[in-house]
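*Asks:* Handing you this structure, nothing more for now.
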Amino acid sequence: NAGVTQTPKFQVLKTGQSMTLQCAQDMNHNSMYWYRQDPGMGLRLIYYSASEGTTDKGEVPNGYNVSRLNKREFSLRLESAAPSQTSVYFCASSEIVGTYYSNQPQHFGDGTRLSIL
Amino acid sequence: GESVGLHLPTLSVQEGDNSIINCAYSNSASDYFIWYKQESGKGPQFIIDIRSNMDKRQGQRVTVLLNKTVKHLSLQIAATQPGDSAVYFCAETPDTGRRALTFGSGTRLQVQP
């Protein structure tokens with residue numbers, strides 16, 4: 001099983017360039033997430049999509065936009081890249097169980113390593 | 001603000017010993033906790049989870065303990081192996097309806113042969 005697939009794995013951009021990071025999951029999960037991880041730190045939530053058709057801001061949304069293309073795919077866009085956005089970006093997905101928002105483990109891709117010069 | 005943190009940045013153990021990784025959290029409303037393992041160049045890998053109505057949960061060679069009184073979480077790894085070397089993160093989900101995770105900064109586990 002592929003799980004969560006992220007493309008590309010590596011990318012170098014110049015300041016001001018734009019780019020879209022792609023994420024797809026094959027686990028039929030309803031919820032998807034984008035995180036960034038900076039050196040020596042835990043992951044910080046950028047945006048999430050609780051279900052198809054909805055997106056919400058996380059802890060660090062500035063400079064990013066997202067699109068939940070369908071149930072499988074959730075993309076992250078940098079409109080005008082800045083050096084402060086140099087990071088490793090992780091996409092994750094999880095299921096919704098039951099009537100309530102019962103928490104389930106999030107499953108992660110292997111990340112996109114993005115450098116902005 | 002609310003935070004999830006770890007007591008030790010690096011833990012070094014001998015192969016075969018038991019490892020204990022600790023985590024403190026500050027949000028008393030948190031109701032779901034997860035431990036992740038992250039190897040170099042990889043995404044976080046789910047290890048074990050526990051809900052706030054439990055004190056202990058066991059998996060294969062791993063046990064998670066939750067002490068809600070002091071807001072403390074620990075991960076115990078039995079008979080630590082070289083393949084256990086990685087960074088371990090605890091994460092929590094507050095009981096606010098938003099099901100995104102808040103991560104701690106991680107503990108690096110080094111297993112000495």
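The values are calculated or read from the model by the stated rules, or taken from the named source; none is laboratory data. Note that the structure is predicted; figures quoted are calculated from it, not measured. Methodologically, a virtual Cβ is constructed for each residue, glycine included, from the backbone with ideal geometry; neighbour enumeration extends over all protein chains shown. Side chains included, ligands, DNA and RNA excluded: accessible areas come from the protein's heavy atoms. Shrake-Rupley method; radii C 1.70, N 1.55, O 1.52, S 1.80 Å.
*Asks:* If A:PRO61 satisfies all but one of (1) open to solvent by 30 Å² or more (accessible area, probe 1.4 Å); (2) within 13 Å of the chain's Cα centre (by Cα); (3) more than 11 Å from every other protein chain (Cβ to nearest Cβ), what's the number of the condition it fails?
*Replies:* Result: A:PRO61 fails condition (1) only.
*Asks:* Determine whether region B:57-70 contains at least one residue that is within 14 Å of chain A (Cβ to nearest Cβ) and modelled with pLDDT under 90.
*Replies:* No.
*Asks:* What number of residues within region B:93-113 are modelled with pLDDT of 85 or more and at the interface with chain A (Cβ under 7 Å from one of its Cβ atoms)?
*Replies:* Qualifying residue count, region B:93-113: 2.
*Asks:* Could you check region A:57-86 and list, in sequence order, the residues that are assigned to a strand (DSSP E or B), of a type outside the set (Phe, Trp, Tyr) and within 16 Å of A:PHE108 (Cα to Cα)?
*Replies:* The answer is A:GLU73, A:SER75, A:LEU76.
*Asks:* Let me ask something additional. Has region B:43-53 got at least one residue that is in a strand (DSSP E or B) and farther than 23 Å from A:PHE90 by Cβ?
*Replies:* yes
*Asks:* Condition (residue is open to solvent by less than 20 Å² (accessible area, probe 1.4 Å) and either within 14 Å of another protein chain (Cβ to nearest Cβ) or closer than 30 Å to A:THR112 by Cα (or both)) applied to region B:15-22: is it met by at least one residue?
*Replies:* yes
*Asks:* What are the residues in region A:37-56 that are touching a residue at least 24 places away in the same chain (Cβ under 8 Å), open to solvent by 20 Å² or more (accessible area, probe 1.4 Å) and not in a loop (DSSP other than H, G, I, E, B), if any?
*Replies:* A:GLN37, A:TYR47
*Asks:* Moving on to the next point. Name the single residue that is farthest from A:LEU21 (Cα to Cα) among those in region A:68-84 being more than 9 Å from the chain's Cα centre (by Cα) and open to solvent by less than 10 Å² (accessible area, probe 1.4 Å).
*Replies:* It comes out as A:ALA81.
*Asks:* So how many residues does region A:1-36 have that are charged (D, E, K, R), surrounded by fewer than 15 Cβ atoms within 10 Å (Cβ to Cβ) and within 13 Å of chain B (Cβ to nearest Cβ)?
*Replies:* 1
*Asks:* Now for a different question. Take the residues in region B:32-56 that are more than 14 Å from B:TYR88 (Cβ to Cβ) and more than 7 Å from chain A (Cβ to nearest Cβ), then tell me which one is most open to solvent (accessible area, probe 1.4 Å).
*Replies:* Applying the filter and picking the extreme gives B:ASN53.
*Asks:* Which members of region B:83-92 meet the condition of being open to solvent by 20 Å² or more (accessible area, probe 1.4 Å) and either at pLDDT 95 or above or of a type in the set (Gly, Ala, Ser) (or both)?
*Replies:* Of everything in region B:83-92, those that are open to solvent by 20 Å² or more (accessible area, probe 1.4 Å) and either at pLDDT 95 or above or of a type in the set (Gly, Ala, Ser) (or both) turn out to be B:GLY83, B:SER85.
*Asks:* On to the next question. Scan (1) within 25 Å of A:VAL88 (Cα to Cα); (2) surrounded by fewer than 17 Cβ atoms within 10 Å (Cβ to Cβ) for the single condition B:LYS71 breaks and write down its number.
*Replies:* Unmet for B:LYS71, out of (1) within 25 Å of A:VAL88 (Cα to Cα); (2) surrounded by fewer than 17 Cβ atoms within 10 Å (Cβ to Cβ): (1).
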